Amino acid sequence: MVKLVPKVYPLLVECIERGVQLGLNRAYKHTDEPDREMMMEAISQAVFTELFEVFELERGVDDD
């Protein structure tokens, strides 16, 4: 049987790049001059959103 194994690194890079672009766009959505904190929050949220669209969190055997 042949098993398909995803190349995780390119998937991560793609998700992060899309998330950064989306986050920057969102940071500027309601203001022309977002502060640094607003930009970082928007980018972080967008990156995690993109990651969770592609990857799923799975609890390990040792996790409670």
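Looking across segment 39-59, the residues that are touching a residue at least 24 places away in the same chain (Cβ under 8 Å), surrounded by fewer than 16 Cβ atoms within 10 Å (Cβ to Cβ) and in a helix (DSSP H, G or I) come down to Phe48, Thr49, Glu53, Val54.
Among the residues of segment 1-53, those that are of a type in the set (Val, Ile, Thr) and out of contact with any Asp or Glu (no Cβ under 8 Å at 6 or more places or on another chain) comprise Val2, Val5, Val8, Val13, Val20, Thr31, Ile43, Val47, Thr49. Within segment 20-64, the set of residues being within 19 Å of Pro10 (Cα to Cα) and among the charged types (D, E, K, R) comprises Glu50, Glu53, Glu56. Pairs meeting the criteria (first residue in segment 16-38 and of a type in the set (Ser, Thr, Tyr), second residue surrounded by 15 or more Cβ atoms within 10 Å (Cβ to Cβ) and not in a helix (DSSP H, G or I), beta carbons under 8 Å, at least 6 apart or on different chains) are Tyr28/Pro34. Among the residues that make up segment 11-23, is at least one of them surrounded by 13 or more Cβ atoms within 10 Å (Cβ to Cβ) and not in a helix (DSSP H, G or I)? No, there is no match, as no residue in segment 11-23 is surrounded by 13 or more Cβ atoms within 10 Å (Cβ to Cβ) and not in a helix (DSSP H, G or I).
Rule-based calculations on the coordinates, nothing more; no lab input. On a predicted model such as this, the values are computed, not experimentally measured, just so you know. Cβ: placed from backbone, ideal geometry, glycine included. Neighbour counts: every protein chain shown.
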